[in-house]
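Below is one structure, written out as structure tokens; the observations come after it.
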Amino acid sequence: MGEIKVSPDYNWFRSTVPLKKIIVDDDDSKIWSLYDAGPRSIRCPLIFLPPVSGTADVFFRQILALTGWGYRVIALQYPVYWDHLEFCDGFRKLLDHLQLDKVHLFGASLGGFLAQKFAEYTHKSPRVHSLILCNSFSDTSIFNQTWTANSFWLMPAFMLKKIVLGNFSSGPVDPVMADAIDFMVDRLESLGQSELASRLTLNCQNSYVEPHKIRDIPVTIMDVFDQSALSTEAKEEMYKLYPNARRAHLKTGGNFPYLCRSAEVNLYVQIHLLQFHGTKYAAIDPSMVSAEELEVQKGNLSVGQEEQ
């Protein structure tokens, strides 16, 4: 149990990348926690947004690998926000504080939905240059919880945790996936009642993405073919919403492929970001490009890109 938490990689990450806490709202109880790694000269980094159960460090394998290749990567943990507009306003203030005009967003599950809502919110003055949507959705009604969304704030933490755990894989999984689930359960335990209640509210509050506002943004849809919390209908809806999106399919990976299939996820992230190399929206240090491109080519041969 808890293999990831005691792994050398995770301990190296925790000892070398500092966790920063930033307040951008008038309410000083709203604290953004983030890891910011890689070259500060990059003005259009890749930002990771976690799922309901996640903290910023669930993306430690992406941070370690991508910064090693010369990318600037930021992984976030949200403050307590109770509606999408409030989240978008807070996130915009955070980007202003970090002096980032445009960013690439990788969102997992709820993180992917919030990434789409933020792109939609800022469509008149774009702040999102591209999107990677991992096991994500475009309409909260798929969870059939919109009627309970307004009562999560009343529920005790143990009940909220039970709701989230109900979406975790319960069948037989390979040891690496089992470790990923253990790690996410541990992260879930670290979240307080208001953090969990607010995230579940954002996850289930009646809302959907308006695709006409974000149709010009390059998108990669990353999903898994094995069991995950997302239904086939939700995945099909995403494909319909973004007909020109690149598709990154993983045969297995469950709900948390960034933890248990990190090599494949990191490769697809690189492939997505390659299209911006040589532009002012590159997320990578220009001096690292040639070496990094070779890595992608090598990895491409071994994994094989499944793209439509």
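The single residue among Ala37, Ala75 that is crowded, with 20+ Cβ neighbours inside 10 Å and more than 18 Å from Leu133 (Cβ to Cβ) turns out to be Ala37. Across the range 78-100, the number of residues qualifying as without any contact (Cβ under 8 Å) to a residue 60 or more places away in the chain, among the hydrophobic types (A, V, I, L, M, F, W, C) and open to solvent by 10 Å² or more (accessible area, probe 1.4 Å) comes to 1.
When you check Asn255 against the structure, is it of a type outside the set (A, V, I, L, M, F, W, C), assigned to a loop (DSSP other than H, G, I, E, B) and open to solvent by 50 Å² or more (accessible area, probe 1.4 Å), yes or no? Please lay out each step first, then the result.
Numbers: of a type outside the set (A, V, I, L, M, F, W, C): yes; assigned to a loop (DSSP other than H, G, I, E, B): yes; open to solvent by 50 Å² or more (accessible area, probe 1.4 Å): no.
No; evaluated as a whole, the condition is false for this residue.
If the condition is being exposed (fewer than 14 other Cβ atoms within 10 Å of the Cβ), among the acidic types (Asp, Glu) and free of Cβ contacts under 8 Å to residues at least 40 places away in the same chain, then the range 223-237 contributes only Glu236. For the range 229-237, the count of residues that are under 16 Å from the mean Cα position of the chain (by Cα) and either over 23 Å from Ile42 (Cβ atoms) or basic (Lys, Arg) (or both) is at least one.
Among the residues of the range 1-15, are any touching a helix residue (DSSP H, G or I) at 6+ places or on another chain (Cβ under 9 Å), over 28 Å from Leu200 (Cβ atoms) and without any contact (Cβ under 8 Å) to a residue 12 or more places away in the chain? Looking for residues that are touching a helix residue (DSSP H, G or I) at 6+ places or on another chain (Cβ under 9 Å), over 28 Å from Leu200 (Cβ atoms) and without any contact (Cβ under 8 Å) to a residue 12 or more places away in the chain, one finds at least one in the range 1-15, hence yes.
Counting only residues that are open to solvent by less than 20 Å² (accessible area, probe 1.4 Å) and in a strand (DSSP E or B), the range 238-248 holds 1 of them.
Of all residues in the range 47-56, none are open to solvent by 20 Å² or more (accessible area, probe 1.4 Å) and among the polar types (S, T, N, Q).
Evaluate the range 133-140: report whether one residue or more is at pLDDT 95 or above, in contact with a helix residue (DSSP H, G or I) (Cβ under 8 Å, 6 or more places away or on another chain) and buried (at least 20 other Cβ atoms within 10 Å of the Cβ). Scanning the range 133-140 turns up at least one residue that is at pLDDT 95 or above, in contact with a helix residue (DSSP H, G or I) (Cβ under 8 Å, 6 or more places away or on another chain) and buried (at least 20 other Cβ atoms within 10 Å of the Cβ). Applying a threshold of 8 Å to beta carbon distances and a minimum spacing of six or more residues, or different chains, the list of pairs starting in the range 264-285 at a residue that is within 23 Å of Val176 (Cα to Cα) and without any contact (Cβ under 8 Å) to a residue 60 or more places away in the chain and ending at one that is open to solvent by 50 Å² or more (accessible area, probe 1.4 Å) and among the β-branched types (Val, Ile, Thr) reads Glu264/Val303; Leu267/Val303.
Keeping to the range 278-294, report how many residues are modelled with pLDDT of 90 or more and surrounded by fewer than 15 Cβ atoms within 10 Å (Cβ to Cβ). Before you say what the answer is, go through the steps one by one.
Pass one, the range 278-294, residues modelled with pLDDT of 90 or more: 279-284.
Next, only the ones that are surrounded by fewer than 15 Cβ atoms within 10 Å (Cβ to Cβ) stay: 279-280.
So the count comes out to 2.
The values are calculated or read from the model by the stated rules, or taken from the named source; none is laboratory data. Being a predicted model, the structure only gives us computed values, none of them experimental. Reconstructed Cβ throughout: ideal geometry from the backbone, glycine too, with neighbour counts over all protein chains shown. Remember, those area values only see protein heavy atoms, side chains included, never the ligands or the DNA or RNA. Shrake-Rupley method; radii C 1.70, N 1.55, O 1.52, S 1.80 Å.
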